[in-house]
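For reference, the structure discussed in these notes is given below.
The values are calculated or read from the model by the stated rules, or taken from the named source; none is laboratory data. These numbers come from a predicted model, not from an experiment. Every residue, glycine as well, gets a Cβ built from its backbone with ideal geometry; the counts of neighbours run over all protein chains shown.
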Amino acid sequence: MKERVLCTLLRTPIVVRLLLASAAFIVIIVTVGIYANKAMYDFTLSPDSPHTGLNATGFLDTFVRYDGNRYTAVAEDGYAADITNTAFFPLYPLIVRGMSYITSVPISYMLFVVSWVFMVLSTIVLFFWSRFELQQRKSDVSPWVTLGLVAIFPTSFFLILGYNESLFLFLTVSAIFAYRKKNYWLTAILAALSTATRVQGCAIVIFFIADYVLSRDWKDWKKLIPVVAAPIGIFLYMGYLWQTFGNPFQFLVAQAGWGRLSGSILHNLVSSFTPPYLWFLPILVLGLWAIYRYVGKALFVYSLVFILLPLSSGRLDSLNRYMLCMPVLFLAIGLYLQTKSFTVRAIYIASSVFLLCWSMLLFMNGYWVG
(Lines give C-alpha, C1' and ligand atoms only; values in the text may rest on other atoms or scores of the structure.)
Protein backbone atom coordinates (compact mmCIF):
# COMPACT_ATOMS: atom_id res chain seq x y z
CA MET A 1 0.00 0.00 0.00
CA LYS A 2 2.80 2.44 0.93
CA GLU A 3 4.63 1.73 -2.32
CA ARG A 4 1.44 2.37 -4.31
CA VAL A 5 0.85 5.71 -2.55
CA LEU A 6 4.48 6.72 -3.17
CA CYS A 7 4.29 5.81 -6.85
CA THR A 8 1.05 7.77 -7.22
CA LEU A 9 2.63 10.80 -5.56
CA LEU A 10 5.69 10.65 -7.80
CA ARG A 11 3.47 10.59 -10.90
CA THR A 12 1.62 13.67 -9.68
CA PRO A 13 2.50 16.88 -11.60
CA ILE A 14 5.27 18.76 -9.85
CA VAL A 15 3.17 21.87 -9.14
CA VAL A 16 0.54 19.73 -7.40
CA ARG A 17 3.24 18.17 -5.26
CA LEU A 18 4.55 21.62 -4.41
CA LEU A 19 1.05 22.76 -3.45
CA LEU A 20 0.63 19.71 -1.23
CA ALA A 21 4.02 20.31 0.38
CA SER A 22 3.12 23.96 1.03
CA ALA A 23 -0.23 22.99 2.56
CA ALA A 24 1.49 20.41 4.77
CA PHE A 25 3.99 23.03 5.95
CA ILE A 26 1.20 25.46 6.88
CA VAL A 27 -0.79 22.79 8.72
CA ILE A 28 2.25 21.57 10.65
CA ILE A 29 3.40 25.05 11.68
CA VAL A 30 -0.11 26.12 12.76
CA THR A 31 -0.71 22.89 14.67
CA VAL A 32 2.65 22.98 16.43
CA GLY A 33 2.23 26.71 17.12
CA ILE A 34 -1.16 26.26 18.77
CA TYR A 35 0.13 23.35 20.85
CA ALA A 36 3.28 25.29 21.80
CA ASN A 37 1.17 28.16 23.06
CA LYS A 38 -0.88 25.85 25.27
CA ALA A 39 2.01 23.74 26.53
CA MET A 40 4.43 26.35 27.82
CA TYR A 41 4.43 28.05 31.21
CA ASP A 42 4.97 31.78 31.54
CA PHE A 43 8.62 31.97 32.58
CA THR A 44 8.41 35.73 33.11
CA LEU A 45 6.66 35.23 36.45
CA SER A 46 8.86 35.80 39.47
CA PRO A 47 9.49 32.85 41.81
CA ASP A 48 7.28 34.49 44.45
CA SER A 49 4.33 35.06 42.12
CA PRO A 50 1.44 32.58 42.17
CA HIS A 51 1.41 30.61 38.92
CA THR A 52 -1.75 31.12 36.90
CA GLY A 53 -1.42 27.98 34.78
CA LEU A 54 -0.68 27.45 31.12
CA ASN A 55 -0.17 30.47 28.92
CA ALA A 56 -2.92 29.63 26.41
CA THR A 57 -4.38 32.39 24.21
CA GLY A 58 -6.45 32.70 21.05
CA PHE A 59 -5.26 32.19 17.48
CA LEU A 60 -4.60 35.87 16.71
CA ASP A 61 -2.90 36.48 20.06
CA THR A 62 -0.68 33.49 19.38
CA PHE A 63 0.32 34.22 15.79
CA VAL A 64 0.09 38.03 15.51
CA ARG A 65 2.94 39.43 17.54
CA TYR A 66 5.52 42.18 17.30
CA ASP A 67 5.86 43.21 13.61
CA GLY A 68 2.52 41.56 12.86
CA ASN A 69 0.83 44.15 15.06
CA ARG A 70 2.71 46.90 13.25
CA TYR A 71 1.61 45.69 9.82
CA THR A 72 -1.95 45.41 11.09
CA ALA A 73 -1.84 49.02 12.28
CA VAL A 74 -0.43 50.27 8.96
CA ALA A 75 -3.01 48.32 6.95
CA GLU A 76 -5.84 49.68 9.11
CA ASP A 77 -4.78 53.29 9.77
CA GLY A 78 -1.83 54.08 7.55
CA TYR A 79 1.34 55.74 8.82
CA ALA A 80 -0.11 58.97 10.20
CA ALA A 81 -1.44 57.26 13.34
CA ASP A 82 2.04 56.19 14.45
CA ILE A 83 5.06 57.69 12.70
CA THR A 84 7.36 54.95 14.05
CA ASN A 85 5.54 52.49 11.77
CA THR A 86 7.29 54.13 8.79
CA ALA A 87 10.08 51.63 9.46
CA PHE A 88 7.77 49.00 7.95
CA PHE A 89 7.65 49.32 4.18
CA PRO A 90 4.26 49.69 2.45
CA LEU A 91 3.78 46.96 -0.16
CA TYR A 92 2.73 44.16 2.20
CA PRO A 93 0.18 46.22 4.20
CA LEU A 94 -1.11 47.75 0.94
CA ILE A 95 -1.81 44.27 -0.48
CA VAL A 96 -3.45 43.23 2.80
CA ARG A 97 -5.64 46.33 2.89
CA GLY A 98 -6.63 45.99 -0.76
CA MET A 99 -7.53 42.30 -0.45
CA SER A 100 -9.43 42.97 2.76
CA TYR A 101 -11.46 45.67 1.02
CA ILE A 102 -12.24 43.40 -1.94
CA THR A 103 -13.13 40.30 0.09
CA SER A 104 -14.46 41.90 3.30
CA VAL A 105 -12.16 39.60 5.28
CA PRO A 106 -10.90 41.40 8.42
CA ILE A 107 -7.37 42.73 8.10
CA SER A 108 -6.12 40.64 11.04
CA TYR A 109 -6.98 37.46 9.15
CA MET A 110 -6.06 38.80 5.71
CA LEU A 111 -2.48 39.11 6.98
CA PHE A 112 -2.37 35.32 7.04
CA VAL A 113 -4.14 34.84 3.73
CA VAL A 114 -1.62 37.07 1.93
CA SER A 115 1.35 35.48 3.70
CA TRP A 116 0.14 31.96 2.93
CA VAL A 117 -0.50 32.74 -0.73
CA PHE A 118 2.98 34.16 -1.19
CA MET A 119 4.49 31.31 0.80
CA VAL A 120 2.96 28.88 -1.70
CA LEU A 121 4.14 31.00 -4.63
CA SER A 122 7.62 31.21 -3.07
CA THR A 123 7.73 27.43 -2.80
CA ILE A 124 6.90 26.99 -6.47
CA VAL A 125 9.37 29.58 -7.76
CA LEU A 126 12.09 28.46 -5.35
CA PHE A 127 11.80 24.90 -6.65
CA PHE A 128 12.14 25.84 -10.33
CA TRP A 129 14.89 28.37 -9.66
CA SER A 130 16.84 25.79 -7.63
CA ARG A 131 16.39 23.21 -10.36
CA PHE A 132 17.69 25.68 -12.94
CA GLU A 133 20.75 26.60 -10.85
CA LEU A 134 21.54 22.97 -10.05
CA GLN A 135 21.25 21.98 -13.71
CA GLN A 136 23.58 24.84 -14.65
CA ARG A 137 26.15 23.39 -12.25
CA LYS A 138 25.51 19.80 -13.37
CA SER A 139 24.75 18.86 -9.78
CA ASP A 140 22.71 15.81 -8.86
CA VAL A 141 21.32 17.53 -5.74
CA SER A 142 17.52 17.64 -5.85
CA PRO A 143 15.76 21.02 -5.71
CA TRP A 144 13.64 19.45 -2.97
CA VAL A 145 16.74 19.69 -0.80
CA THR A 146 16.66 23.49 -1.07
CA LEU A 147 12.98 23.53 -0.13
CA GLY A 148 13.61 21.16 2.76
CA LEU A 149 16.43 23.30 4.14
CA VAL A 150 14.17 26.35 4.04
CA ALA A 151 11.34 24.44 5.76
CA ILE A 152 13.49 23.29 8.68
CA PHE A 153 15.33 26.58 9.11
CA PRO A 154 14.81 27.78 12.71
CA THR A 155 12.90 30.90 11.64
CA SER A 156 10.92 29.38 8.75
CA PHE A 157 7.63 29.73 10.64
CA PHE A 158 7.75 33.48 9.96
CA LEU A 159 6.73 32.64 6.38
CA ILE A 160 3.16 31.96 7.51
CA LEU A 161 2.84 34.74 10.08
CA GLY A 162 1.56 38.27 9.58
CA TYR A 163 5.01 39.35 8.42
CA ASN A 164 6.25 40.31 4.95
CA GLU A 165 8.77 37.43 4.86
CA SER A 166 6.88 35.30 2.33
CA LEU A 167 6.19 38.27 0.02
CA PHE A 168 9.80 39.41 0.15
CA LEU A 169 11.14 35.89 -0.42
CA PHE A 170 8.83 35.48 -3.42
CA LEU A 171 9.94 38.77 -4.97
CA THR A 172 13.63 38.08 -4.29
CA VAL A 173 13.82 34.57 -5.72
CA SER A 174 11.53 35.53 -8.64
CA ALA A 175 13.73 38.52 -9.53
CA ILE A 176 16.90 36.40 -9.42
CA PHE A 177 15.25 33.65 -11.47
CA ALA A 178 13.90 36.08 -14.08
CA TYR A 179 17.34 37.69 -14.36
CA ARG A 180 19.05 34.33 -14.81
CA LYS A 181 16.53 33.53 -17.55
CA LYS A 182 17.40 36.90 -19.16
CA ASN A 183 13.90 38.31 -18.78
CA TYR A 184 15.16 41.73 -17.74
CA TRP A 185 11.89 43.65 -17.93
CA LEU A 186 10.16 41.19 -15.60
CA THR A 187 13.23 41.36 -13.36
CA ALA A 188 12.91 45.14 -13.25
CA ILE A 189 9.27 44.97 -12.09
CA LEU A 190 9.97 42.35 -9.43
CA ALA A 191 13.05 44.20 -8.16
CA ALA A 192 11.10 47.47 -7.90
CA LEU A 193 8.39 45.72 -5.89
CA SER A 194 11.01 44.19 -3.60
CA THR A 195 12.45 47.61 -2.71
CA ALA A 196 8.92 48.70 -1.79
CA THR A 197 8.70 45.71 0.56
CA ARG A 198 11.92 45.93 2.55
CA VAL A 199 15.06 48.05 2.49
CA GLN A 200 17.16 44.90 1.92
CA GLY A 201 15.52 44.72 -1.48
CA CYS A 202 18.05 47.34 -2.57
CA ALA A 203 20.80 44.72 -2.22
CA ILE A 204 19.62 42.99 -5.38
CA VAL A 205 20.88 45.98 -7.38
CA ILE A 206 24.36 44.95 -6.26
CA PHE A 207 23.81 41.49 -7.73
CA PHE A 208 22.82 42.96 -11.11
CA ILE A 209 25.85 45.26 -11.14
CA ALA A 210 28.25 42.55 -9.96
CA ASP A 211 27.00 40.10 -12.57
CA TYR A 212 27.31 42.69 -15.33
CA VAL A 213 30.86 43.61 -14.30
CA LEU A 214 32.05 40.04 -13.73
CA SER A 215 30.59 38.79 -17.02
CA ARG A 216 32.43 41.57 -18.89
CA ASP A 217 29.86 41.42 -21.64
CA TRP A 218 29.65 45.20 -21.88
CA LYS A 219 27.42 45.14 -24.98
CA ASP A 220 24.64 43.35 -23.12
CA TRP A 221 23.26 46.66 -21.80
CA LYS A 222 19.82 45.14 -21.14
CA LYS A 223 21.27 43.71 -17.94
CA LEU A 224 21.26 47.26 -16.61
CA ILE A 225 17.48 47.68 -16.99
CA PRO A 226 16.80 46.18 -13.53
CA VAL A 227 19.57 48.36 -12.05
CA VAL A 228 17.71 51.48 -13.12
CA ALA A 229 14.23 50.19 -12.28
CA ALA A 230 14.86 48.51 -8.91
CA PRO A 231 15.08 51.71 -6.81
CA ILE A 232 11.68 52.91 -8.08
CA GLY A 233 9.88 51.11 -5.23
CA ILE A 234 11.85 52.71 -2.43
CA PHE A 235 11.93 56.09 -4.22
CA LEU A 236 8.13 56.14 -4.38
CA TYR A 237 7.96 55.37 -0.67
CA MET A 238 10.51 58.08 0.10
CA GLY A 239 8.45 60.52 -1.98
CA TYR A 240 5.37 59.68 0.08
CA LEU A 241 7.32 60.18 3.32
CA TRP A 242 8.66 63.52 2.08
CA GLN A 243 5.20 64.76 1.21
CA THR A 244 3.55 63.42 4.38
CA PHE A 245 6.20 63.94 7.06
CA GLY A 246 8.66 66.31 5.40
CA ASN A 247 11.52 63.78 5.52
CA PRO A 248 12.15 61.20 2.78
CA PHE A 249 14.38 59.29 5.21
CA GLN A 250 11.75 59.01 7.92
CA PHE A 251 11.92 55.22 7.69
CA LEU A 252 15.56 55.46 8.86
CA VAL A 253 14.73 57.93 11.64
CA ALA A 254 12.09 55.51 12.92
CA GLN A 255 14.75 52.83 13.38
CA ALA A 256 16.02 54.71 16.45
CA GLY A 257 13.01 53.37 18.35
CA TRP A 258 14.61 49.93 18.17
CA GLY A 259 18.12 51.13 19.05
CA ARG A 260 19.23 51.16 15.41
CA LEU A 261 21.21 53.87 13.63
CA SER A 262 21.87 55.66 16.89
CA GLY A 263 24.85 55.81 19.23
CA SER A 264 27.90 53.65 18.71
CA ILE A 265 27.31 50.95 16.09
CA LEU A 266 30.00 48.72 17.59
CA HIS A 267 28.61 49.10 21.12
CA ASN A 268 25.08 48.39 19.91
CA LEU A 269 26.20 45.28 18.04
CA VAL A 270 27.95 43.91 21.11
CA SER A 271 25.03 44.73 23.41
CA SER A 272 22.55 43.07 21.04
CA PHE A 273 24.52 39.82 21.03
CA THR A 274 22.54 37.35 23.16
CA PRO A 275 22.73 33.54 23.54
CA PRO A 276 19.68 32.87 21.29
CA TYR A 277 21.70 34.29 18.39
CA LEU A 278 24.63 31.93 18.85
CA TRP A 279 23.22 29.32 16.49
CA PHE A 280 22.89 31.44 13.37
CA LEU A 281 26.28 33.15 13.27
CA PRO A 282 28.23 29.95 12.41
CA ILE A 283 25.51 29.03 9.87
CA LEU A 284 25.78 32.51 8.35
CA VAL A 285 29.57 32.25 8.02
CA LEU A 286 29.29 28.73 6.60
CA GLY A 287 26.55 29.84 4.20
CA LEU A 288 28.52 32.81 2.88
CA TRP A 289 31.57 30.60 2.31
CA ALA A 290 29.40 28.00 0.55
CA ILE A 291 27.85 30.68 -1.67
CA TYR A 292 31.30 31.87 -2.71
CA ARG A 293 32.56 28.31 -3.21
CA TYR A 294 29.60 26.65 -4.91
CA VAL A 295 27.29 29.33 -6.32
CA GLY A 296 29.34 32.23 -7.65
CA LYS A 297 30.95 35.58 -6.94
CA ALA A 298 28.04 37.77 -8.07
CA LEU A 299 25.57 36.12 -5.70
CA PHE A 300 28.22 36.12 -2.96
CA VAL A 301 28.63 39.89 -3.26
CA TYR A 302 24.83 40.28 -3.19
CA SER A 303 24.53 38.04 -0.10
CA LEU A 304 27.29 39.95 1.70
CA VAL A 305 25.58 43.30 1.07
CA PHE A 306 22.22 41.77 2.04
CA ILE A 307 23.69 40.88 5.46
CA LEU A 308 25.70 44.08 5.93
CA LEU A 309 22.66 46.31 5.41
CA PRO A 310 20.90 45.32 8.66
CA LEU A 311 24.25 45.01 10.49
CA SER A 312 25.07 48.61 9.57
CA SER A 313 22.10 49.69 11.67
CA GLY A 314 24.00 48.53 14.75
CA ARG A 315 21.88 45.55 15.84
CA LEU A 316 22.00 41.79 15.44
CA ASP A 317 18.27 41.58 16.16
CA SER A 318 16.23 39.87 13.43
CA LEU A 319 19.29 38.92 11.36
CA ASN A 320 18.35 35.27 11.88
CA ARG A 321 14.97 36.06 10.33
CA TYR A 322 16.43 38.10 7.49
CA MET A 323 18.58 35.10 6.52
CA LEU A 324 15.36 33.25 5.70
CA CYS A 325 14.87 35.55 2.70
CA MET A 326 18.25 34.68 1.15
CA PRO A 327 17.28 31.78 -1.15
CA VAL A 328 20.87 31.45 -2.39
CA LEU A 329 21.91 30.59 1.19
CA PHE A 330 19.90 27.36 1.17
CA LEU A 331 21.00 26.42 -2.33
CA ALA A 332 24.62 26.79 -1.23
CA ILE A 333 24.17 24.86 2.03
CA GLY A 334 22.52 22.05 0.07
CA LEU A 335 25.51 21.88 -2.26
CA TYR A 336 27.86 21.94 0.72
CA LEU A 337 26.06 19.17 2.62
CA GLN A 338 26.23 16.98 -0.49
CA THR A 339 29.97 16.76 0.04
CA LYS A 340 29.63 15.69 3.66
CA SER A 341 28.92 12.36 5.35
CA PHE A 342 25.49 11.14 6.36
CA THR A 343 26.37 11.88 9.99
CA VAL A 344 27.15 15.53 9.30
CA ARG A 345 23.92 15.94 7.33
CA ALA A 346 21.91 14.23 10.06
CA ILE A 347 23.41 16.51 12.73
CA TYR A 348 22.58 19.62 10.69
CA ILE A 349 18.99 18.49 10.06
CA ALA A 350 18.35 17.38 13.65
CA SER A 351 19.77 20.56 15.18
CA SER A 352 17.86 22.77 12.75
CA VAL A 353 14.55 21.01 13.47
CA PHE A 354 15.19 21.25 17.22
CA LEU A 355 15.93 24.98 17.00
CA LEU A 356 12.84 25.50 14.83
CA CYS A 357 10.63 23.86 17.44
CA TRP A 358 12.31 25.75 20.26
CA SER A 359 12.00 29.10 18.44
CA MET A 360 8.31 28.45 17.79
CA LEU A 361 7.76 27.49 21.42
CA LEU A 362 9.24 30.80 22.53
CA PHE A 363 7.61 33.02 19.89
CA MET A 364 4.10 31.62 20.32
CA ASN A 365 4.33 32.52 24.00
CA GLY A 366 5.45 36.08 23.44
CA TYR A 367 9.23 35.80 23.61
CA TRP A 368 11.38 37.61 21.06
CA VAL A 369 13.27 35.22 18.78
CA GLY A 370 13.87 37.25 15.62
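So for region 191-199 (the condition being of a type outside the set (D, E, K, R), under 23 Å from Ser303 (Cα atoms), at pLDDT below 95 and within 19 Å of the chain's Cα centre (by Cα)), does at least one residue qualify? Yes: region 191-199 contains one or more residues that are of a type outside the set (D, E, K, R), under 23 Å from Ser303 (Cα atoms), at pLDDT below 95 and within 19 Å of the chain's Cα centre (by Cα). Are there any pairs with C-beta distances below 7 angstrom linking a residue in region 77-103 that is on the phi < 0 side of the Ramachandran plot to a residue that is basic (Lys, Arg) and not in a loop (DSSP other than H, G, I, E, B), with the two at least 6 apart or on different chains, and if so which? Correct list of pairs: Asn85/Arg70; Phe88/Arg70.
Could you list all residues from region 136-159 that are more than 12 Å from Leu324 (Cβ to Cβ) and part of a helix (DSSP H, G or I)? Listed by number, the residues that qualify are Gln136, Pro143, Trp144, Val145, Thr146, Leu147, Gly148. Among residues of region 232-246 that are closer than 12 Å to Ala80 by Cα, those with a Cβ under 7 angstrom from a residue that is part of a helix (DSSP H, G or I), sequence gap 6+ or separate chain, pair up as Leu241/Thr86; Leu241/Gln250; Leu241/Phe251; Phe245/Ile83. Considering only region 42-64, I want to know if a residue exists there that is under 28 Å from Val125 (Cα atoms), modelled with pLDDT of 70 or more and in contact with a helix residue (DSSP H, G or I) (Cβ under 8 Å, 6 or more places away or on another chain). Yes, region 42-64 has at least one match. Looking at this structure, is Glu133 at pLDDT 95 or above, charged (D, E, K, R) and within 20 Å of Tyr322 (Cβ to Cβ)? It is false that Glu133 is at pLDDT 95 or above, charged (D, E, K, R) and within 20 Å of Tyr322 (Cβ to Cβ). Determine, yes or no, whether Ile124 is out of contact with any helix residue (DSSP H, G or I) (no Cβ under 7 Å at 6 or more places or on another chain), in a helix (DSSP H, G or I) and modelled with pLDDT of 95 or more. No, not satisfied.
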